[in-house]
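Below is one structure, written out as structure tokens; the observations come after it.
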């Protein structure tokens, strides 16, 4: 049953399928840190997996093939300078090497005409959440029209325009570069920050009950054990910048399944050369609360378009911008993606132009119990044992 | 045989003679203090090759029914648990059936077998050992001319796992890693015997003078002490004297050793724990480093502990150690033995075979380094399940410079393991006719082994 | 309580005068023979730091300690120096001496300046040796000790053309001297008509006894000065010094060294755990767990002047970030220590619930009720657990081969059915099983192999249902405090008590109780006791004939033995 989301949220069209019929469970997002008066009702988690969802069994067809890279698209220009670029790059002169290449649209996508970008337009079986609460269809037209996906269990209305954007990029296809990366612990272990979730039980039990939730980026990385796995019940301090603390949002647990959100959240991400944050709107969590105290589920959200483009293109090693190198590796062109994003955007229309400003996305996650330490709060949460 | 000692010279004279005046600048006029009593200089020029003795210990024994060969003499068939030594069987002897006789004492589990074998008698109580162990007896005779009296190593990574001691108060700690062993031998103070030129280090001379100063005070201290403490002070001065002698050696040009090859780099640092894979690797690196140390004549006595008494070897992920398995694992009714515990017996035999092969891989004289070694492999039990000290496993590798025959299996039929210890001492040239205490006393060396 | 203590010390004075008919107040005994005790690695470091400052590094390997009668402190009276050990001491001595005369330290550390840097200077060398010799050897040097070193230094300086080469050698020779590496104790005759053999501990020896006992370091200048003036031989003099030392910040280090020894924490170096079963276990975790227990004990007993018995019931404990997951406790500070409490949802209280004990007294891959029971009986209750018989068939205890037995309790049930096992295991297993909810590294678990763990049992007639009640039963058991008195006394004098000293121990137990079981009071009473300050001459036969049967586990080989029991 659809319910109205708080007025703070820009789009009046968005609905969450949280089934919270009771308004009292829906808290307006506030800046308040959850008071930690009763420890036993606080349950902290640290994320141990964070993977942009790549549908494995039926990722959808790309009838026109996969996107080409700039290197392939401008192969003649590249061929002329390839040997020298390689020489300079290997001698350590990265800047000099890159200066030989054509103008870099990953730095400024507007310096080039749109070379085109192939999106995944057909059906695919994508797990996820119906973020807008609608069964959308491009044929219906209207603001930010898009085709929903069908979930693995036949769920209708799955919103994941991010997959339409990247579904025909080689690095995102099953067993591509990203798929293999997400299959490892690296996005967690190499991240300079951890992602934390805190649940406070306000009614019922952790099997069936109502919770207040809050997402945080932590001040430091995860702690690992002798096997290099994230340690359970470790204390994790929240980031000092409250920009990376979400507001408190409502959630409900039914038969061991947590549904929480929506909430806006910014989450820091600092892995190798990638130093940025995710800027998500109307994020929702759906996760199974497993017997060992861990969580396994998905985070679905609307990704702000500008941040989405910025996120993968602002890759630096020292002062050297490597966004184009990343694009060449992953299999797309920055200019193409830049112009494709507005075409797939499906959330948060600009009130003036009607253009959607966010792209629905889906992240698979797992989390284990942790203590979320808030330096200014009286007491931390208690991890479940 | 010359033993370097400046004892015939008053210490003060020695000090002045070496430190005073121009002695250092003109070379080695003080070499006269390193002459032996008959006046011949020690600086050897192609003398006989050094002979070495070592022990190689493995914990928790074997399964007698699967380890002991049936036939004796040269023509014996490899048994299931001796299969791993197939490639080196001709380079060693296998001795079964030698026991530590309890002499009415309790079997101090995991102690009686090893110290009974090494000391010639069963320990009487849980905290006593009638030292010294065999290696110390032998090093007192042959270990005084090298930089190190002996080298102790434990592949298990724990200094405590040593089985070498002079007595209960003077236990020789083991080097816990190949890297530490390497640094001790080939680090500071190492002189390549094959280097073209030799300049005695004036710092060595100064170090030696410090020890002389300390030794001056011995009598005053001894007057102050009772007998048991005086014995401990004697051990202190014995240790000091040994260092003095080592330093004296370093002031001499070492005789060239054709077999000596200085390792080019240090062995890698390994995790020091009792996981079988780590122990095997640590052991392998230690063996290689030791072999080079022996070839370069840095020591002539060594003790290698492959696994500790009451073996802590374990498989990754298992709740059990080799030791707990020997007691707790059910005997497989079809196989007739404990497969998990037996795995470690086979690992031990493989490690032993590789150790012997490592010594055998270094050419020396007309043969190999192993020919100029005598290495005794032994354990603290035969059947570990019952802590049996009857029919302990022994293996003697090398030929002790051609003095020992190899390739034989002999059965001691329950006689004292002191016979093995006495044999070893005689093979190493010690003038000893009788060894051991009480029931374990013997004057019967295993003459079948003498060539 | 204060009143009783004052009364005792007053009586002590009169006892010393009268030396007879001393009743309730204090017990006059003659202590055992003096000893020759090797200084420990930590004492070595402390002496170097006190003498030359903490910028001089002591980096080297020390020989492992030798445990006897449950204590390394007793082992120090038996252990000698091996050739390889001496090699290490000599290398350390050279490294320290080189640092002291190095240009960056020399100015601060030289008590005088040489006439010329390029030649010897007997006066300055002599001053250096006299000054540092007294600190290092803990007594003034004899004339010949100084002269020998001056002569050698002069020769070396002349030969090398460097004054400091001579100083370096002189210092090296002090650092390898037997009287530096050992505390060679002296006693002087102090006969009385009744006890013609009576000796008193010589002044400088007594100074060392006090400082190593109370501080785990060498005597400071003030203590040496008191010894020089003969004041330690008087009741007022020694009381004043002991009280000064009890008020010092070094007291915590002294208490810490005792518990480190008693709890066998030197064995932490050898603790390893199976990474697949205990992935949380790291070197860092082990180090923090050991430090946690030591901090807890020292904070409670010294800083808090707490009751020793409360160590077994307290729910407070110091905590670090890395220990948090072991106990399931949130930790606020990113690095460093904070005071925490055991979580309410776990049955934990006191020392017996600490991770350090769980880790140390367990196997690499699992817990061990028997090892834990042995430790509690031997170290905390001063009882003796005989060795296991040699020919036991342990097959029934295996975890892997006996799937029908889910828990250690079921597996160990065999012990009680087998008379040869039962006589010892009836002592160890019931209390060890009370801690089975703590796994091989001390994490809490409610069950094992799917079966619930039953933590209940009987401790010498007292029922308990979980580790909290077991801790309480310990706190209430008289043997616990008596055993501490016994161990601390043995630690102080470096040997087991003699039969004749048992009277003194009984008295010390009463005084400990009267002082609310506070450790500084007990340390004071021991330091001032007759047994600590006197000796008998029978040095020759000391070890063999007069030593009382040792109650605690006696063995250089204790570790191997411990591994033997399940």
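The values are calculated or read from the model by the stated rules, or taken from the named source; none is laboratory data. All of these numbers come straight from a predicted model, not from anything done at the bench. Virtual Cβ from ideal backbone geometry, glycine too; neighbours counted across all protein chains shown.
Listed by first and then second residue, the pairs with beta-carbon distance under 7 Å, at least 6 apart or on different chains, first residue in the stretch C:301-323 and within 14 Å of another protein chain (Cβ to nearest Cβ), second part of a strand (DSSP E or B) and surrounded by fewer than 23 Cβ atoms within 10 Å (Cβ to Cβ), are C:319/C:338; C:319/C:340.
The rows are residues; the columns are (1) closer than 19 Å to residue B:301 by Cα; (2) touching a residue at least 60 places away in the same chain (Cβ under 8 Å).
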{"residue": "B:112", "(1), (2)": "no, yes"}
{"residue": "B:124", "(1), (2)": "no, no"}
{"residue": "B:145", "(1), (2)": "yes, yes"}
{"residue": "B:155", "(1), (2)": "yes, yes"}
{"residue": "B:164", "(1), (2)": "yes, yes"}
{"residue": "B:173", "(1), (2)": "yes, no"}
{"residue": "B:178", "(1), (2)": "yes, yes"}
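Out of (1) away from chain C (no Cβ under 14 Å); (2) assigned to a strand (DSSP E or B); (3) under 30 Å from residue C:336 (Cα atoms), the odd one out for residue A:235 is which? Going through the list (1) away from chain C (no Cβ under 14 Å); (2) assigned to a strand (DSSP E or B); (3) under 30 Å from residue C:336 (Cα atoms), residue A:235 breaks only (1). Here residue C:370 does not fit the description of being at pLDDT below 90, within 14 Å of chain B (Cβ to nearest Cβ) and closer than 19 Å to residue C:464 by Cβ.
On the stretch given as the stretch C:66-88, residues that are in a helix (DSSP H, G or I) and either more than 9 Å from chain B (Cβ to nearest Cβ) or farther than 13 Å from residue B:233 by Cα (or both) total 8. Scan the stretch A:273-281 and tell me whether some residue there is out of contact with any helix residue (DSSP H, G or I) (no Cβ under 9 Å at 6 or more places or on another chain), crowded, with 21+ Cβ neighbours inside 10 Å and farther than 29 Å from residue A:92 by Cβ. Yes, the conditions are met somewhere in the stretch A:273-281. For residue B:392, the conditions (1) buried (at least 24 other Cβ atoms within 10 Å of the Cβ); (2) on the phi > 0 side of the Ramachandran plot are fulfilled apart from (2).
Tallying residues that are surrounded by 14 or more Cβ atoms within 10 Å (Cβ to Cβ) and at the interface with chain C (Cβ under 8 Å from one of its Cβ atoms) within the stretch B:216-230 yields 8.
Of the residues in the stretch C:318-331, how many are closer than 22 Å to residue C:298 by Cβ and in a loop (DSSP other than H, G, I, E, B)? Qualifying residue count for the region: 6. The set of residues in the stretch B:300-330 that are free of Cβ contacts under 8 Å to residues at least 24 places away in the same chain and either surrounded by fewer than 24 Cβ atoms within 10 Å (Cβ to Cβ) or more than 27 Å from residue B:117 (Cα to Cα) (or both) comprises B:317, B:318, B:319, B:320, B:329, B:330. Checked against the criterion of being at the interface with another protein chain (Cβ under 8 Å from one of its Cβ atoms), within 22 Å of the chain's Cα centre (by Cα), crowded, with 21+ Cβ neighbours inside 10 Å and more than 22 Å from residue B:372 (Cβ to Cβ), the stretch B:279-294 has no qualifying residue.
Within the stretch B:145-155, being within 9 Å of chain C (Cβ to nearest Cβ) and assigned to a loop (DSSP other than H, G, I, E, B) holds for B:149, B:150. Yes or no: the stretch B:335-342 includes at least one residue that is part of a loop (DSSP other than H, G, I, E, B), touching a residue at least 60 places away in the same chain (Cβ under 8 Å) and surrounded by fewer than 22 Cβ atoms within 10 Å (Cβ to Cβ). Yes, the stretch B:335-342 contains at least one residue that is part of a loop (DSSP other than H, G, I, E, B), touching a residue at least 60 places away in the same chain (Cβ under 8 Å) and surrounded by fewer than 22 Cβ atoms within 10 Å (Cβ to Cβ). Considered as a group, the residues in the stretch A:182-204 that are touching a residue at least 12 places away in the same chain (Cβ under 8 Å) and part of a loop (DSSP other than H, G, I, E, B) include one that is surrounded by the most Cβ atoms within 10 Å (Cβ to Cβ), and that residue is A:194.
Considered as a group, the residues in the stretch B:105-123 that are away from chain C (no Cβ under 14 Å) and in a loop (DSSP other than H, G, I, E, B) include one that is surrounded by the most Cβ atoms within 10 Å (Cβ to Cβ), and that residue is B:120.
Taking residue A:301, is it in contact with a strand residue (DSSP E or B) (Cβ under 8 Å, 6 or more places away or on another chain) and at pLDDT 95 or above? Yes: the conditions hold for residue A:301.
Put simply, of B:336, B:412, B:401, B:365 the only residue that is closer than 30 Å to residue B:296 by Cα, more than 10 Å from every other protein chain (Cβ to nearest Cβ) and over 22 Å from the mean Cα position of the chain (by Cα) is B:365. Filtered by the rule that a residue be in contact with a strand residue (DSSP E or B) (Cβ under 6 Å, 6 or more places away or on another chain) and either assigned to a loop (DSSP other than H, G, I, E, B) or more than 14 Å from chain C (Cβ to nearest Cβ) (or both), the stretch B:373-388 gives B:373, B:374, B:375, B:376, B:377, B:378, B:379, B:381, B:382.
Could you tell me whether residue B:126 is part of a loop (DSSP other than H, G, I, E, B) and either modelled with pLDDT of 95 or more or not assigned by TED's automatic domain parsing to the domain that holds residue B:404 (or both)? So residue B:126 fails the test.
Is one or more of the residues making up the stretch C:178-191 within 11 Å of another protein chain (Cβ to nearest Cβ) and in a loop (DSSP other than H, G, I, E, B)? Checked the stretch C:178-191: at least one residue is within 11 Å of another protein chain (Cβ to nearest Cβ) and in a loop (DSSP other than H, G, I, E, B). For the stretch C:265-279, the candidate set comprises residues that are surrounded by fewer than 22 Cβ atoms within 10 Å (Cβ to Cβ) and either in contact (Cβ under 8 Å) with a residue 40 or more places away in the chain or farther than 30 Å from residue B:318 by Cβ (or both); within that set, the residue that is farthest from the other protein chains (Cβ to nearest Cβ) is C:265.
Just one of (1) crowded, with 18+ Cβ neighbours inside 10 Å; (2) outside any helix (DSSP H, G or I); (3) without any contact (Cβ under 8 Å) to a residue 40 or more places away in the chain fails for residue B:199. It is (1).
Residue B:188: assigned to a loop (DSSP other than H, G, I, E, B) and more than 18 Å from residue C:67 (Cα to Cα), yes or no? So residue B:188 fits the description; yes.
Considering only residues in the stretch C:209-242 that are touching a residue at least 24 places away in the same chain (Cβ under 8 Å) and outside any helix (DSSP H, G or I), the one that is farthest from residue C:523 (Cα to Cα) turns out to be C:230.
Determine if the stretch B:350-370 includes at least one residue that is in a loop (DSSP other than H, G, I, E, B), touching a helix residue (DSSP H, G or I) at 6+ places or on another chain (Cβ under 9 Å) and more than 25 Å from residue B:53 (Cβ to Cβ).
No: zero hits.
Does residue C:262 satisfy the condition of being more than 14 Å from every other protein chain (Cβ to nearest Cβ), at pLDDT 95 or above and closer than 22 Å to residue C:67 by Cβ? Yes.
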